[in-house]
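The values are calculated or read from the model by the stated rules, or taken from the named source; none is laboratory data. Note that the structure is a prediction, hence the values are computed from the model and not measured. Because the Cβ atoms are built from the backbone with ideal geometry, glycine has one as well, and the counts that use them run over all protein chains shown. Quick note on the areas: whole protein, heavy atoms, side chains included, nothing else; ligands and nucleic acids left out. Shrake-Rupley method; radii C 1.70, N 1.55, O 1.52, S 1.80 Å.
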Amino acid sequence: MDRIDKLLLEHLQRDASLSLQQISELTHLSPTPCWRRVQRLEQAGYIERRVALLSAAKLNVGVTVFVSIRTSQHSDQWTRALCDVVAGIAEIVEFYRMSGNTDYLLRVVVPDVRGYDAVYKRLVSSLDFADISSSFAMEQIKYTTALPLDYA
């Protein structure tokens, strides 16, 4: 990956709706070589997909809750069951297996506390947990989907 590939990725991850002509101008490439590079980056897996980022506030899911889960069960069967439960709850937008005191971390978006309570009840009625702890985000200070490119 060279400097131009990184520049292409920088522009695309900021605005994937840019036309090929606009990207070509921003990277100082003619359209055909620019298109070939974008295609190569897609085929190599650097570009996984292109999506629209939606407004959580406009969609009435402006409350973010981080949910820490601890479990005493670590079997493949239990983990698959948790993955199935999480996959069925649209309000859970991120899901991580963690190291340390927390086994799993969820990011949940809901309209309000009542909305979160409904998600919580779905979780606890599905599986046994050692502990579930929820933290409501008071303010979003930084949020980006742009990944750093210096390590590529």
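Can you name every residue in the range 2-22 that is open to solvent by less than 80 Å² (accessible area, probe 1.4 Å) and in a loop (DSSP other than H, G, I, E, B)? Outline the logic, then answer.
Narrowing the range 2-22 to residues open to solvent by less than 80 Å² (accessible area, probe 1.4 Å): 2, 4-13, 15-16, 18-20.
Asp2, Asp15, Ala16, Leu18, Ser19, listed by residue number.
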Out of the range 23-42, which residues are open to solvent by 80 Å² or more (accessible area, probe 1.4 Å) and under 23 Å from Pro148 (Cβ atoms)? His28, Arg40
Within the range 43-57, take every residue that is hydrophobic (A, V, I, L, M, F, W, C) and without any contact (Cβ under 8 Å) to a residue 60 or more places away in the chain and give me the one that is surrounded by the fewest Cβ atoms within 10 Å (Cβ to Cβ). Ala52
Give me the residue from the range 87-110 that is open to solvent by 60 Å² or more (accessible area, probe 1.4 Å) and within 18 Å of Gly62 (Cβ to Cβ) and, out of that set, nearest to the chain's Cα centre (by Cα). Val93
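Can you name the residue in the range 111-152 that is among the aromatic types (Phe, Trp, Tyr) and in a loop (DSSP other than H, G, I, E, B) and, of all such residues, is surrounded by the fewest Cβ atoms within 10 Å (Cβ to Cβ)?
Within the range 111-152, the first condition is being among the aromatic types (Phe, Trp, Tyr), and the residues that meet it are 116, 120, 129, 136, 143, 151.
Narrowing further to those that are in a loop (DSSP other than H, G, I, E, B): 129, 143, 151.
Working: Phe129: 16, Tyr143: 8, Tyr151: 5.
Of everything passing the filter in the range 111-152, Tyr151 is surrounded by the fewest Cβ atoms within 10 Å (Cβ to Cβ).
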Give me the pairs: first residue in the range 1-30 and farther than 16 Å from Tyr46 by Cβ, second residue basic (Lys, Arg) and surrounded by 14 or more Cβ atoms within 10 Å (Cβ to Cβ), beta-carbon distance under 9 Å, and six or more apart or on different chains, which are they? Leu29/Arg37
Considering every residue within the range 54-64, establish whether at least one is modelled with pLDDT of 95 or more, farther than 22 Å from Ile141 by Cβ and among the charged types (D, E, K, R). no
For the range 58-86, which residues satisfy the criterion of being assigned to a loop (DSSP other than H, G, I, E, B), touching a residue at least 12 places away in the same chain (Cβ under 8 Å) and open to solvent by less than 80 Å² (accessible area, probe 1.4 Å)? Val61, Gly62, Thr71, Gln73
